[in-house]
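Below: the structure, in structure tokens.
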Amino acid sequence: TDIVAKPHPLLKMALELGPLGLFLLANARPQLFAPLTALILPENLATGEKAGIFTATIMLMIGVLVALIVSSSVMRRWPVMPVVTAVAVLFFGALTLYFQDVTFIKMKPTFLNMIFGGILLGGLAFGKPFLPHVMDAAFKLTDEGWHKLTLRWGIFFFVLAGANELVWRSLDAYQLAHNLSEKWSTDLWVNFKVYGSPVLTFLFILTQMPLILRHDAKADEVHDKPDA
């Protein structure tokens, strides 16, 4: 069997958060990336009010590709979540650039979270808890533990999808109602994507720790091991 290498925790964090950081920086300072984006964006998009989000979209596409390549090189296989994420970013990013409509990149997290949620809940319906494969889990749980955690993650992904839709649509509606610039609503949505979603995810993970500890398969193995 092939040996799957585990990336260093700091490298794993950099690969996960790097593209988001690049997305945030490019939206705030698009001029820093002008030499690159000038090859892709027409002048009106590269210098106009929407230069930030279009530049950020390009850099996010590049960032997830680099992260995927590095991750697959280290692990010597294609990890599920980064692959699906990269495909979604490239697809919705391409639509954003082609139609020059930021709605597509705003909807990307919605569809991506719905895909992950659908995979997890659909797997449970057929008796296949896919969570260990989807998230490359570094811990072992009992079958009951994986079932419960998979169900909770599946529901949570749909909650994240709903939260993203609520945030960007509410901001856009407020912007139109008060005659504000589109950059105002887009910048706030970018902040939610970069800060809000990870914070919600982190808090959710913390709430699952009791379940993980309660259904730790390694602990069960120790308890079940007969005395010498």
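Listed here are the helices (runs of 4 or more DSSP H) enclosed by region 9-55 that have at least 2 residues being under 21 Å from LYS183 (Cα atoms), without any contact (Cβ under 8 Å) to a residue 12 or more places away in the chain and open to solvent by 30 Å² or more (accessible area, probe 1.4 Å): 43-47. Summed over region 69-90, residues that are under 16 Å from LEU112 (Cα atoms) and in contact (Cβ under 8 Å) with a residue 12 or more places away in the chain total 11. When every residue of region 80-93 is checked against the conditions, at least one turns out to be more than 19 Å from PRO30 (Cα to Cα), outside any loop (DSSP other than H, G, I, E, B) and among the small types (Gly, Ala, Ser). Within region 73-113, the set of residues being open to solvent by 40 Å² or more (accessible area, probe 1.4 Å), more than 27 Å from LEU39 (Cα to Cα) and of a type outside the set (A, V, I, L, M, F, W, C) comprises SER73, ARG76, ARG77.
Just for region 3-58: of the residues that are in contact with a Lys or Arg (Cβ under 7 Å, 6 or more places away or on another chain) and within 30 Å of TRP78 (Cα to Cα), which one is modelled with the lowest pLDDT? The extreme case among them is VAL4. The C-beta contact set for region 157-185 (first residue in contact (Cβ under 8 Å) with a residue 60 or more places away in the chain and farther than 15 Å from PHE104 by Cα, second residue of a type in the set (Val, Ile, Thr) and open to solvent by 60 Å² or more (accessible area, probe 1.4 Å), distance under 6 angstrom, 6+ apart or interchain) is empty.
Restrict the check to region 118-132 and report whether at least one residue is under 14 Å from the mean Cα position of the chain (by Cα) and surrounded by 15 or more Cβ atoms within 10 Å (Cβ to Cβ). Checked against the condition, which is being under 14 Å from the mean Cα position of the chain (by Cα) and surrounded by 15 or more Cβ atoms within 10 Å (Cβ to Cβ), region 118-132 yields no hits at all.
Taken over region 133-176, residues that are in a loop (DSSP other than H, G, I, E, B), open to solvent by less than 40 Å² (accessible area, probe 1.4 Å) and out of contact with any Asp or Glu (no Cβ under 9 Å at 6 or more places or on another chain) amount to 2.
The values are calculated or read from the model by the stated rules, or taken from the named source; none is laboratory data. Worth saying up front: this structure is predicted, and the values here are computed from it rather than measured. As a convention, Cβ positions derive from the backbone with ideal geometry for all residues, glycine included, and neighbour counts pool all protein chains shown. Accessible surface is based on the protein model in full, side chains and every heavy atom, while ligands, DNA and RNA are left aside. Shrake-Rupley method; radii C 1.70, N 1.55, O 1.52, S 1.80 Å.
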